[in-house]
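Structure first, then comments.
Read-outs throughout are calculated quantities, based only on the coordinates presented, and are distinct from any laboratory measurement. This is a predicted model, so every value here is computed, not measured. Cβ atoms come from the backbone with ideal geometry, glycine included; neighbour counts cover every protein chain shown.
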Amino acid sequence: MEYTDVKTLFAEPKHPYTVGLLQSIPVLGRGQRDQKLNAISGVVPSLLNLPSGCLFSDRCPDVFADCRTIEPHVYQVGKNHTARCLKYA
Ligand code: SF4
C-alpha cells in the first residue's frame, strides 16, 4: 500500500489505510481512559469475492467513483515515497 522510510511514514502517511492504522495506535498520556480508539470501518474483503478497483474501496474514508472501477498502481508521492492510491494518480 505504501512504501517509504519509517520516519517519513509516521510523519507524513499518504495512503488512507496507513493513516487509519496510525490513528488506531494508542498513545500513552493522550485522551481519556474510556475513550475508544479509532478503527478502520468494515471488514477485510473475502479472497473469494474481491471488490473491483481498489481493494480498500469498501472501507476507505476517501473513496471516490474511480476507486470502484480502477485498480490503483503505485504512484510517487514524495522523494523515496510511494503509495498505491488513486488520489495520487
Ligand atoms: S484508491 Fe480510492 S479507495 Fe483506494 S485507498 Fe485510494 S482513495 Fe481510498
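DSSP loop (so not H, G, I, E, B), at most 14 other Cβ within 10 Å: list which trypsin sites (Lys or Arg not before Pro) in the stretch 19-84 pass both filters.
Values: sites: Arg30, Arg33, Lys36, Arg59, Arg68, Lys79, Arg84; in loops: Arg30, Arg33, Lys36, Arg59, Lys79, Arg84.
Counting only loop positions with at most 14 other Cβ atoms within 10 Å, the trypsin sites (Lys or Arg not before Pro) in the stretch 19-84 are Arg30, Arg33, Lys36, Lys79.
Count of lysine pairs in the chain with Cα atoms under 21 Å apart, counting only pairs 8 or more residues apart in sequence or on different chains?
Numbers: Lys7/Lys79; Lys14/Lys79; Lys14/Lys87; Lys79/Lys87.
Number of lysine pairs found: 4.
Grab the Cα-Cα distance for Ala89 and Gln35, subtract it from 0.36 nm times how many residues apart they are, and report the gain in nm with one decimal. Could you put the intermediate results ahead of the total?
On the way: separation 54, 0.36 × 54 = 19.44 nm, distance 3.63 nm.
Residue separation times 0.36 nm, minus the Cα-Cα distance, leaves 15.8 nm.
List the chymotrypsin sites (Phe, Trp or Tyr not before Pro) in the stretch 18-89 that DSSP assigns to loop (not H, G, I, E or B) and whose Cβ has at most 16 other Cβ atoms within 10 Å. Which are they?
Values: sites: Phe56, Phe64, Tyr75, Tyr88; in loops: Phe56, Phe64.
Hits after loop and neighbour filter: Phe64.
With the cut-off at 1.5 for a/c, could you classify the chain from its C-alpha gyration tensor as rounded, prolate or oblate?
Values: a/c = 2.57, a/b = 1.29, b/c = 1.99.
Note, shape of the chain comes out oblate.
Name the residue farthest towards the positive end of the dipole of the chain from the options Leu37, Val74, Ser52, assuming +1 on Cβ of Lys and Arg, -1 on Cβ of Asp and Glu, about the Cα centre.
Towards the positive end, the residue furthest out is Leu37.
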